[in-house]
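Asks: Encoded as structure tokens, here's the structure I'll be asking about.
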Amino acid sequence: MASKQTPRRAGAKKSARRTRAVKPAGRPGRGPRQAAAARTPRRAPAARTARSAPAAREARSAAATRMPRPVAAASKPRPAPIPAWTPERVAELLARLKHLHPDAKCSLDHVHPLQLLVATILSAQCTDERVNIVTPGLFRKYPTAADLAAAPRAELEAEIRSTGFFRAKARSIQECCRDLVAKHGGQVPRTMEELTALRGVGRKTANVVLGNAYGIPGVVVDTHVGRLARRLGLTQNEDPVKVELDLMEVIPREEWTLFSHLLIHHGRRVCPARKPHCSRCALADLCPRVEVEDSD
């Protein structure tokens with residue numbers, strides 16, 4: 001059975017002819033954009049440089065990894081030169097310190113060298129006042145080096161607990177006293193070499209004993225002495241042994257022991273670590289105030 005054909009609308013052919021009639025000129029089968037692009041002349045390619053491709057890649061890599069130029073930091077003003085400590089200036093410094101602190105002396109209470117040796121070991125990271133509270137009862141209970149060496153460790157620790165770091169200090173005291181008993185008959189020796197050979201004894205402790213128990217001059221470098229020596233420009237070193245050697249070259253030998261006490265007293269009363277009292281310090285015209293940032 002023949003299928004019925006759907007009659008075309010009149011004018012469909014005419015519409016198709018009109019659509020074909022408005023197609024723009026150009027290559028057959030191209031739309032308006034392609035035709036416009038065909039009429040636009042192409043740009044001439046940029047002239048290639050003589051550099052080869054590997055060289056160009058190497059140049060780009062070098063440029064990417066090149067460090068930026070450092071920005072010049074603002075220059076800090078140079079500190080004023082520190083006046084040289086001539087014998088005359090040192091004599092004036094000592095005279096003023098003696099006038100300011102006529103009571104300067106060893107602040108650890110003791111009767112004989114052993115008591116001073118033990119008290120100095122206890123004074124590490126502790127005030128002398130606290131040590132002076134602890135030592136009378138300690139020495140009544142353990143009067144000799146042999147007694148301290150043989151003391152039960154727990155009992156000795158309980159006696160010195162309030163001085164801090166009591167376990168380490170008890171061990172140092174007993175080891176030192178055992179060396180005294182074994183090598184020196186329980187007596188404290190009189191030389192730097194013999195004292196520093198004792199366990200638990202360094203140069204600072206040895207100088208305290210030599211200078212204050214035996215009258216043998218020695219420079220004791222604690223935190224006060226080291227700080228003031230640097231502020232005064234007497235040394236630039238931080239290491240206590242190097243500070244000691246520097247002071248020994250500048251200060252007369254007969255003044256070594258007293259000079260240490262004078263600086264300790266001045267550091268406690270006038271020149272603390274954080275904010276020294278420079279406005280009312282009698283050493284102001286002698287002191288270069290090295291690294292002092294804030295004072296009153």
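The values are calculated or read from the model by the stated rules, or taken from the named source; none is laboratory data. These figures come from a predicted structure and were not determined experimentally. Cβ sites come from the backbone with ideal geometry, for glycine too, and all protein chains shown count toward neighbours.
Asks: Take residue 203 and tell me if it is of a type in the set (D, E, K, R), within 25 Å of residue 129 (Cα to Cα) and assigned by TED's automatic domain parsing to the domain that holds residue 146. Outline the logic, then answer.
Replies: Working: of a type in the set (D, E, K, R): yes; within 25 Å of residue 129 (Cα to Cα): yes; assigned by TED's automatic domain parsing to the domain that holds residue 146: yes.
Criteria met by residue 203.
Asks: May I ask you to verify whether residue 140 is more than 19 Å from residue 211 (Cβ to Cβ), of a type outside the set (S, T, N, Q) and either assigned to a loop (DSSP other than H, G, I, E, B) or not assigned by TED's automatic domain parsing to the domain that holds residue 197 (or both)?
Replies: Values: more than 19 Å from residue 211 (Cβ to Cβ): yes; of a type outside the set (S, T, N, Q): yes; either assigned to a loop (DSSP other than H, G, I, E, B) or not assigned by TED's automatic domain parsing to the domain that holds residue 197 (or both): no.
No; evaluated as a whole, the condition is false for this residue.
Asks: Let me ask something else about it. Any idea which of 95, 197, 158 is touching a Pro at 6+ places or on another chain (Cβ under 9 Å), surrounded by fewer than 19 Cβ atoms within 10 Å (Cβ to Cβ) and small (Gly, Ala, Ser)?
Replies: Working: 95 fails: touching a Pro at 6+ places or on another chain (Cβ under 9 Å); 158 fails: touching a Pro at 6+ places or on another chain (Cβ under 9 Å).
Among 95, 197, 158, only 197 is touching a Pro at 6+ places or on another chain (Cβ under 9 Å), surrounded by fewer than 19 Cβ atoms within 10 Å (Cβ to Cβ) and small (Gly, Ala, Ser).
Asks: Any residue in region 256-265 that is surrounded by fewer than 15 Cβ atoms within 10 Å (Cβ to Cβ) and of a type outside the set (Phe, Trp, Tyr)?
Replies: We begin by selecting, within region 256-265, every residue surrounded by fewer than 15 Cβ atoms within 10 Å (Cβ to Cβ); these are none.
No, region 256-265 has no match at all.
Asks: Might you let me know whether region 189-204 holds any residue that is at pLDDT below 95, of a type in the set (Val, Ile, Thr) and touching a Gly at 6+ places or on another chain (Cβ under 9 Å)?
Replies: no
Asks: Now, a different point. Show the residue pairs meeting these rules: Cβ distance below 6 Å; 6+ apart or different chains; first residue within region 264-287 and within 10 Å of residue 228 (Cβ to Cβ); second residue of a type outside the set (D, E, K, R) and not in a loop (DSSP other than H, G, I, E, B).
Replies: From residues that are within 10 Å of residue 228 (Cβ to Cβ), the pairs are 264/224; 267/224; 267/228; 271/228.
Asks: Check every one of the helices (runs of 4 or more DSSP H) wholly within region 158-249 and list those with 2 or more residues that are without any contact (Cβ under 8 Å) to a residue 12 or more places away in the chain.
Replies: Working: elements: 166-184, 192-196, 203-213, 223-231.
Because the criterion is at least 2 residues that are without any contact (Cβ under 8 Å) to a residue 12 or more places away in the chain, the helices (runs of 4 or more DSSP H) in region 158-249 that meet it are 166-184, 192-196.
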